[in-house]
1. Quick one: B:GLU14 ticks every box in (1) within 20 Å of the chain's Cα centre (by Cα); (2) farther than 30 Å from B:CYS215 by Cβ; (3) not small (Gly, Ala, Ser) except a single one, so which number is it?
2. Out of curiosity, is B:GLY162 under 18 Å from B:TYR85 (Cβ atoms) and among the small types (Gly, Ala, Ser)?
3. Kindly indicate whether A:SER47 is in contact with a helix residue (DSSP H, G or I) (Cβ under 8 Å, 6 or more places away or on another chain) and within 14 Å of chain B (Cβ to nearest Cβ).
4. All but one of (1) in a helix (DSSP H, G or I); (2) within 14 Å of chain A (Cβ to nearest Cβ); (3) surrounded by 19 or more Cβ atoms within 10 Å (Cβ to Cβ); (4) among the aliphatic types (A, V, I, L, M) hold for B:VAL212; state the number of the condition that does not hold.
5. Find the residue count for segment B:129-148, including only residues that are farther than 12 Å from B:HIS229 by Cβ and either in contact (Cβ under 8 Å) with a residue 24 or more places away in the chain or surrounded by fewer than 14 Cβ atoms within 10 Å (Cβ to Cβ) (or both).
6. Assess whether B:THR67 counts as being among the polar types (S, T, N, Q) and assigned to a helix (DSSP H, G or I).
7. Restricting to segment B:158-182, name every residue that is within 9 Å of chain A (Cβ to nearest Cβ) and either touching a residue at least 40 places away in the same chain (Cβ under 8 Å) or out of contact with any Phe, Trp or Tyr (no Cβ under 7 Å at 6 or more places or on another chain) (or both).
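The values are calculated or read from the model by the stated rules, or taken from the named source; none is laboratory data. Note that the structure is a prediction, hence the values are computed from the model and not measured. Positions of Cβ are generated from backbone atoms using ideal geometry, with glycine treated the same way; all protein chains shown enter the neighbour counts.
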Amino acid sequence: MSDDPKPTASPDSPEEMSRRKFFVKMGVGSIAVAAVGTAAFGYEFLSPNVLYEPSPIVDAGKPDRYAPDSVTLDPQTAIYVVRTGEGFFALSAICTHLGCLTAYKPDLGIIACPCHGSKFKKDGVKIEGPAPRPLPWLRMWLNDDGNLLVDRSNAIAIKQLVRV
Amino acid sequence: MAKTIDHLVGQVRENRVWRSIFRSGTGDSNLHRALFVQQNVFLHLFSIKARKRTLEFSATWYLGALTFGTFLILVITGVLLMLYYHPSVPQAYADMKDLQFVVSSGVFLRNLHRWSAHAMVFLVFAHMFKVFYRGAYRPPREFNWIIGVVLLLVTLLLSYTGYLLPWDQLAFWAVTVGSNIASAVPVMGSKIRFLLLGGTAVNANALLRFYVLHCVILPLFAVIFIAVHFWRIRKDGGIYPGESSAEGGAK
């Protein structure tokens, strides 16, 4: 057995790895795997799985609360309920620029943002300012009790009025 | 009288307990002074010797040291403010008002914290301008400039996270706007905002996250980078003496 002429692994030969190199590679490899795992666990830990935030669905009350041709802001839920001659629609009151709460100016008939001066028409279309998009229309419907409901998390692309 | 005090001081410094703490021993020789700096865990970040020119006001305007001074004030007043502050909604606002109107010296500590924070941001910029216009950022000090930029970012993040803690209208809307700016980052913007706020809106989770960042994580980073920043001054051959002075090799 000891007279085997085949030489033992030389540390310089390219195909054969020395014991030291093997263990260094193992060590660095396992640290790398552990680092990736830690990053994944860290990301999962930092993302909350349950949010104790208000529901996106808002009860805006009975339609006859709103006067004809009016724009009503609820600052708590950040929505406008707009009543036109034909019907109702809901508009997000959160400025599409940087998220400030806009306000309706009844004397000018426009919606204005106090932070950076964006201005919108009553149907959300931008007049001027840094806002990149119009104020989105939100899905609105009547429930069985005859109340207007608005889903704040659901912007609708096609402008549809709720007729009562 | 002076002799008696000198004698007493001498006795204390010869004392066994004193000698077990300060091993450099007594004496006014250069060796003892050097050993005193070298053997102190805090002072050993600095050189045991400095060029006289670099200690003059005109060399640095002491802007770095003043920045560190405001940082120390912020740590001390901040820790004291933490004793009366709950990072919860809406208690945080009431605690801030209590600090202003109910707690003894509360308004003094809060204002000291606030003004020192403003001063620190100003001094960091002034320090960077001074270093830049003297050319003190050039090799061998280029890496210390990078650490300085990291410290600038830590300072600004400390300012930003501290801004939310009073939980008033100004804080709420400033952080609403600020976190929406973070969401402008390409691809992962809204994810960054979600992780920063711990939710989709500036709410109780956001207040708690900003509190932990402001009181623990960011100060820890600041202390570590400040220590490296000071140590690098020594390693890069001391404070930059100026264009006219010939420089020795890096030590």
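1. (1)
2. Numbers: under 18 Å from B:TYR85 (Cβ atoms): yes; among the small types (Gly, Ala, Ser): yes.
So B:GLY162 passes the test.
3. Numbers: in contact with a helix residue (DSSP H, G or I) (Cβ under 8 Å, 6 or more places away or on another chain): yes; within 14 Å of chain B (Cβ to nearest Cβ): yes.
Yes, satisfied.
4. With (1) in a helix (DSSP H, G or I); (2) within 14 Å of chain A (Cβ to nearest Cβ); (3) surrounded by 19 or more Cβ atoms within 10 Å (Cβ to Cβ); (4) among the aliphatic types (A, V, I, L, M) applied to B:VAL212, the lone miss is (3).
5. Residues of segment B:129-148 that are farther than 12 Å from B:HIS229 by Cβ, as a first pass: B:129-130, B:132-140, B:142.
If we keep only those that are either in contact (Cβ under 8 Å) with a residue 24 or more places away in the chain or surrounded by fewer than 14 Cβ atoms within 10 Å (Cβ to Cβ) (or both) as well, we get B:129-130, B:132-136, B:138-140, B:142.
Total satisfying the criteria: 11.
6. Numbers: among the polar types (S, T, N, Q): yes; assigned to a helix (DSSP H, G or I): yes.
Yes: the conditions hold for B:THR67.
7. Here is the first cut: in segment B:158-182, the ones within 9 Å of chain A (Cβ to nearest Cβ) are B:173, B:176-181.
If the condition is that a residue be within 9 Å of chain A (Cβ to nearest Cβ) and either touching a residue at least 40 places away in the same chain (Cβ under 8 Å) or out of contact with any Phe, Trp or Tyr (no Cβ under 7 Å at 6 or more places or on another chain) (or both), then B:TRP173, B:THR176, B:VAL177, B:SER179, B:ASN180, B:ILE181 are the ones that fit.
Table: residues versus (1) away from every other protein chain (no Cβ under 14 Å); (2) without any contact (Cβ under 8 Å) to a residue 60 or more places away in the chain.
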residue	(1), (2)
A:ALA67	yes, yes
A:THR84	yes, no
A:CYS100	no, yes
A:HIS116	no, yes
A:LYS121	yes, yes
A:GLU128	yes, yes
